[in-house]
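The values are calculated or read from the model by the stated rules, or taken from the named source; none is laboratory data. Since the structure is predicted, the reported quantities are computational estimates derived from the model, not experimental observations. Positions of Cβ are backbone-derived with ideal geometry, glycine not excepted, and every protein chain shown enters the neighbour counts.
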Amino acid sequence: MDAAEYLVGQQIPCQPLPDRNAIAIGYAGVYSTFLLHAQRAGERFGIDPREILLELGRRQAVAGQEDWILDVALDLARGRAGGQAGPGAGPEPGGDPQPGEGGAGAG
């Protein structure tokens, strides 16, 4: 065990621990590789990284979509600045219309 502490420990920049961000990753169902990007985007746009992770989970982001994190953070920041409820408040583009919104069979 000592060898692991001294040799491997030096190669790992940070030890994983179950903090609120790690729990949010599991709750949102997103990949752990999103965490560092979400933290950086959160600092840049003034958004809690957990909000970003939850929105990524809602949008069903998959591995390799780390560049999407900036878009999500920007959407959340714009929603705050505009006084809107946020990007998750309305129907998805191309989704089923809500009652009273028209669409097929409306009339």
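Looking across region 39-51, just one residue is closer than 9 Å to ALA24 by Cβ and buried (at least 21 other Cβ atoms within 10 Å of the Cβ), and that is PRO49.
Scanning region 71-92 for residues that are touching a helix residue (DSSP H, G or I) at 6+ places or on another chain (Cβ under 7 Å) and either modelled with pLDDT of 90 or more or in a helix (DSSP H, G or I) (or both) gives VAL72, ALA73, LEU74, LEU76, ALA77.
Collect the residues in region 18-31 that are surrounded by fewer than 13 Cβ atoms within 10 Å (Cβ to Cβ), part of a loop (DSSP other than H, G, I, E, B) and in contact with a helix residue (DSSP H, G or I) (Cβ under 8 Å, 6 or more places away or on another chain), keeping them in residue-number order. Within region 18-31, none qualify. A Cβ distance below 6 Å, combined with a sequence gap of six or more or placement on separate chains, defines the contacts here; from region 29-41, residues that are under 14 Å from GLU55 (Cβ atoms) reach residues that are in a helix (DSSP H, G or I) and among the small types (Gly, Ala, Ser) in the pairs GLY29/GLY57; VAL30/GLY57; ALA41/ALA73. Residues that are within 21 Å of ARG20 (Cα to Cα) and exposed (fewer than 15 other Cβ atoms within 10 Å of the Cβ) within region 64-82 are absent altogether. Do we find a residue being at pLDDT 90 or above and either in a helix (DSSP H, G or I) or of a type outside the set (S, T, N, Q) (or both) anywhere in region 62-70? Yes, region 62-70 contains a residue that is at pLDDT 90 or above and either in a helix (DSSP H, G or I) or of a type outside the set (S, T, N, Q) (or both).
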